[in-house]
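The values are calculated or read from the model by the stated rules, or taken from the named source; none is laboratory data. These numbers were taken from a predicted model, which means no experiment stands behind them. Every residue, glycine among them, receives a Cβ derived from its backbone with ideal geometry; neighbour counts consider all protein chains shown. We work out accessible area using only protein heavy atoms, side chains counted, and drop any ligands, DNA or RNA first. Shrake-Rupley method; radii C 1.70, N 1.55, O 1.52, S 1.80 Å.
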Amino acid sequence: DLGPQGIRVNAISAGPIKTLAAAGISGFSQILQTYRDRAPLRRTVETSEVADAAIFLLGPAGRAITAEVLLVDGGFHAMGV
């Protein structure tokens with residue numbers, strides 16, 4: 001409905017990020033380790049990488065992208081675990 005008005009709607013699905021809020025999640029350290037062990041990049045993502053993805057989507061390079069969920073998770077989503 002918003003496309004004709006030039007409004008694009010996208011989302012970013014980030015992998016787990018070590019934050020103050022995440023520290024309250026029971027077993028979060030194990031979740032981080034699972035990502036490090038199984039993601040193709042063998043690491044978790046950083047907040048700056050999620051910000052870079054957002055800048056891409058908001059900027060001119062993403063001008064033809066809409067209705068997408070960009071997965072910024074080091075490839076973990078592709079592992080089928």
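Could you check how many residues of region 1-20 are assigned to a loop (DSSP other than H, G, I, E, B) and more than 21 Å from Ala78 (Cβ to Cβ)?
Filtering region 1-20 down to residues assigned to a loop (DSSP other than H, G, I, E, B) leaves 1-2, 6-10, 15-20.
Those still in the list that are more than 21 Å from Ala78 (Cβ to Cβ) too: 1-2, 6-9, 18-20.
So the answer is 9.
Starting from residues that are part of a helix (DSSP H, G or I) and touching a helix residue (DSSP H, G or I) at 6+ places or on another chain (Cβ under 8 Å), keep the ones in region 21-41 and report whichever is farthest from His77 (Cα to Cα). Break it down into steps so the answer makes sense when it comes.
First, the residues of region 21-41 that are part of a helix (DSSP H, G or I): 22-24, 28-38.
So of that shortlist, the ones also touching a helix residue (DSSP H, G or I) at 6+ places or on another chain (Cβ under 8 Å) come out as 22, 28, 35, 38.
Numbers: Ala22: 20, Phe28: 18, Tyr35: 10, Arg38: 10 Å.
This residue is Ala22.
Mind checking which pairs have a first residue in region 66-81 that is among the polar types (S, T, N, Q) and a second that is outside any loop (DSSP other than H, G, I, E, B), Cβ under 9 Å, 6 or more apart or different chains?
Cβ pairs passing all conditions: Thr66/Gly3.
Run Gly80 past the list (1) over 18 Å from Ala11 (Cβ atoms); (2) open to solvent by 80 Å² or more (accessible area, probe 1.4 Å) and report the number of the one that doesn't hold.
The single condition Gly80 does not satisfy is (2).
Quick one: which of Ala14, Ala61 is hydrophobic (A, V, I, L, M, F, W, C) and open to solvent by 50 Å² or more (accessible area, probe 1.4 Å)?
On the way: Ala14 fails: open to solvent by 50 Å² or more (accessible area, probe 1.4 Å).
After ruling out the rest, the residue left standing is Ala61.
Within region 42-49, is even one residue among the acidic types (Asp, Glu), open to solvent by less than 70 Å² (accessible area, probe 1.4 Å) and in a helix (DSSP H, G or I)? Let's see the steps before the verdict.
The initial filter retains those residues of region 42-49 that are among the acidic types (Asp, Glu), namely 46, 49.
Going one step further and asking which of them are open to solvent by less than 70 Å² (accessible area, probe 1.4 Å), we end up with 49.
Subsequent filtering for residues that are in a helix (DSSP H, G or I) retains 49.
The answer is yes, given that some residue of region 42-49 is among the acidic types (Asp, Glu), open to solvent by less than 70 Å² (accessible area, probe 1.4 Å) and in a helix (DSSP H, G or I).
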